[in-house]
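Inspection log for the structure reproduced underneath, given as structure tokens.
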Amino acid sequence: MQINVNLGERSYGITVERGCLSSVAEYIGEQRRIFVLTDSGVPREYAETVATAKHSMIYTVPEGEGAKSPEVLFQVLGAMLEFNMTRSDAVVAVGGGVVGDLGGFAASVYMRGVDFYNVPTTLLSMVDSSVGGKTAINFSGVKNTVGTFYQPKHVFIDANTLKTLPDRHFSAGACEAVKMAICLDAELFSKIESAGITEDNVEEIITRAIEIKKNIVERDEREGGLRRVLNFGHTLGHGIEAISHGEFYHGECVALGMIPMCAPYVRERLIAVLRALNLPTEYCGDIDAALAPIEHDKKCEGDEVAIIKVEKVGKFTAEKITTHEFKTLIKKGGL
Ligand code: GLY
């Protein structure tokens, strides 16, 4: 299955096909230098399957959000330079959202931009972060503060790589598909509600989530408005993530962040779906501390924060409220 993201000269294809990992090097062009960026949590064989060109190298960063740092970015750029990469060579990220964000950012600034290919191997990066061209590192303790919009040249999604993904990571990734469904696709939400997300239907759900995302990105590539819907649950979610120091995964924080932004009847259905996916539905940490970083959030402008609400499954509304109103809303338990 091939999905095309139509963005004029920045258009690209997304291949969703079991086994497609082994065709990446040939697709990119075996005569080019291929810098494969991966992390220590990704099975080595995936990067090795991609790095088959004569001039290819694998660079491994430590697993986890800590790799999205200025220090690691400069180490990656240094390795690219040492590898004698020129403007006609390519960076390929093999792994989850961290290597995708870091690799995409490195590709976008190295020699003012080299080709970037994304090979997501986690469910979260397959359904969300590998598509749409957001790249970033964290800076000064604030998530995704330094980054670019830089579309990949192609995305390769091989659902066979999910076989080695730990269950907790699978659930955290599933949360981003639930996010798209509850905001934009009632039919997909009902499907997840009745069948869950399993080995058997995961490819179909990935494909649908990408189609939803591509439709948004094509209409609002640089997040002037509509694309903000994809941040549903992320305002509180990022706050919880910022203070959890790795205790919660990104998708788990988004699960907790979505719940209060739903009207009661929708919330009931959402909580049932999240529970079935083994995602957290109650936050027992310090909610004041989790709300403190929201002023630094990119969704915040001055004293206002852009929020997304879901009052009917498959439909969202966007509005701006003050940060004080947002904090009050969360503390009273939601809409
Ligand atoms: N993950 C949100 C976006 O790509 O806009």
On alpha carbon coordinates alone, what is the Rg over Rh value for the chain, Rh being the Kirkwood radius?
0.96
Quick one: putting +1 on the C-beta of Lys and Arg, -1 on the C-beta of Asp and Glu, what dipole do you get for the chain around its Cα centre, in Debye to the nearest 20?
540 debye
Region 1-72 - Debye-derived log10 I(q)/I(0), Cα point model, q = 0.23 Å⁻¹
-1.07
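Can you tell me the order of 249-258, 62-71 when each peptide is scored by its average per-residue count of other Cβ atoms within 10 angstrom, highest first? Don't jump to the answer; show the numbers that get you there.
Working: 249-258: 26.2, 62-71: 15.4.
Descending packing order for the listed peptides: 249-258, 62-71.
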For the chain, what does the relative contact order come out to in percent, with C-alpha contacts under 8 Å and a separation of six or more?
14 percent
Fewest to most neighbouring Cβ within 10 Å: what's the order for Ser23, Ser140, Ser130?
Ser140, Ser23, Ser130
Find the all-direction average of the projected area of the Cα convex hull for region 188-335, expressing the result in square nanometres with one decimal place.
8.9 nm²
On each of the three principal axes the extent of the alpha-carbon atoms of region 1-152, given in whole Å and largest first, is 40, 32, 31
Could you pull out every one of the lysines with an alpha carbon less than 30 Å from that of Lys331, ignoring same-chain neighbours closer than 8 positions?
Lys143, Lys179, Lys298, Lys299, Lys309, Lys312, Lys315, Lys320
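What percent does the relative contact order of region 17-66 come to when contacts are Cα pairs within less than 8 Å and at least six residues apart?
On the way: 68 pairs, mean separation 21.2, N = 50.
Relative contact order of region 17-66: 42 percent.
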Between Asp288 and Glu65, what's the calculated FRET efficiency when r is the beta-carbon distance and R0 is 22 Å? Round to 0.05.
0.45
Cα pair distances in region 168-260, grouped into 10 Å bins until the bin that holds the longest one, percent each
17, 45, 33, 5
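I need the shape label for region 103-260. Rule: rounded when a/c is under 1.5, else prolate if a/b > b/c, else oblate, with a, b, c from the alpha carbon gyration tensor.
Details: a/c = 1.43, a/b = 1.24, b/c = 1.15.
Note, shape of region 103-260 comes out rounded.
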Projected label distance in nm at Lys54 and Glu187, using a 7 Å step from Cα toward the beta-carbon:
5.0 nm
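Rule-based calculations on the coordinates, nothing more; no lab input. Since we're looking at a predicted model, the values are computed, not measured. All Cβ positions, glycine included, derive from the backbone under ideal geometry; neighbour counts span all protein chains shown.
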